[in-house]
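The structure under discussion appears below in the form of structure tokens.
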Amino acid sequence: MAAAAAAGGGAQGGTGPDSPPLFNLRRRSRYQGPEEAVTLEKVLGITTQNSSGLACDPATGLLAYPAGCVVVILNPRENTQRHILNTSRKTLSALAFSPDGKLIVTGENGHRPAVRVWDVEERAQVSALHGHKHGVACVAFSPSAKYLVSVGYPHDMVVNVWDWKKDSLVASNKVSCKVTAVSFSEDSYFVTVGHRHVKFWFLDSSRELKVVAETLV
């Protein structure tokens, strides 16, 4: 779990005469005046169960990982953090940088999870894609960043390929085994690995909304 330190207003009193004020996060009535903002300063810890929850941008050395519903972008050289708050408030399960490091794709936990694309510099959402039911296990960009691949949790078991700039699902298929990692090798195929399997998935233009798999056990 992740713990966060915040700074803001709304004093409610302390535990002694010299105690610092406590934060009042309750909704204030209209008679109490405006409430000052509470901002996130630092995240301690990480929320991930496998390698899909940790990503690195080779060009800049930045690390990204989920902490609850927050993406932490860490500069290990300077020990500084930036944060992206998931707009749906759902906890994040997987993430990956685009090849040029300008974008991050995230997957969510929970019912009808989204695959979201974020601008790293602006820390703003640029796309939201819905095609899973129970959670997203892993995500990845294609080398050109034109496509995204997302794999659902074991209760979902759907592999989706997206043309994310068009908000379009271009290919989809089922996977029979638990998937823990995915990697796009070329825009025409990608690889998934997981429980007792390695699969190569090829985009097949002769079939509508399908990807064809070849399995190595």
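Here is how the numbers come out for the structure above:
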read-out: Where a residue in region 37-50 is farther than 15 Å from L85 by Cα and its partner, wherever it lies, is open to solvent by 80 Å² or more (accessible area, probe 1.4 Å), with Cβ under 8 Å and at least six apart; value: G45/M1; T48/L54
read-out: Members of region 171-191 found to be closer than 17 Å to V105 by Cα and touching a Cys at 6+ places or on another chain (Cβ under 8 Å), listed by number; value: T180, A181, V182
read-out: Hey, S88 among the small types (G, A, S), in a strand (DSSP E or B) and closer than 23 Å to K165 by Cβ or not; value: no
read-out: Answer residue from region 178-217, given it is in contact with a Leu (Cβ under 9 Å, 6 or more places away or on another chain), assigned to a loop (DSSP other than H, G, I, E, B) and not charged (D, E, K, R) and is modelled with the lowest pLDDT among those; value: L209
read-out: Qualifying positions in region 136-177 - assigned to a loop (DSSP other than H, G, I, E, B) and either touching a Gly at 6+ places or on another chain (Cβ under 9 Å) or on the phi < 0 side of the Ramachandran plot (or both); value: S142, P143, S144, K146, Y153, P154, H155, D156, V175, S176, C177
read-out: Only one of D187, D167 that is touching a Phe, Trp or Tyr at 6+ places or on another chain (Cβ under 8 Å) and charged (D, E, K, R); value: D187
read-out: Test: residue in region 157-167 that is open to solvent by 10 Å² or more (accessible area, probe 1.4 Å), in contact (Cβ under 8 Å) with a residue 40 or more places away in the chain and not aromatic (F, W, Y); value: yes
read-out: Residue tally, condition open to solvent by 50 Å² or more (accessible area, probe 1.4 Å), closer than 18 Å to R116 by Cα and among the hydroxyl-bearing types (S, T, Y), over region 168-202; value: 1
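The values are calculated or read from the model by the stated rules, or taken from the named source; none is laboratory data. Since the model is a prediction, treat every value here as computed from it, not as a measurement. Neighbour counts are summed over all protein chains in view; Cβ atoms, including those assigned to glycine, are modelled from backbone coordinates with ideal geometry. Quick note on the areas: whole protein, heavy atoms, side chains included, nothing else; ligands and nucleic acids left out. Shrake-Rupley method; radii C 1.70, N 1.55, O 1.52, S 1.80 Å.
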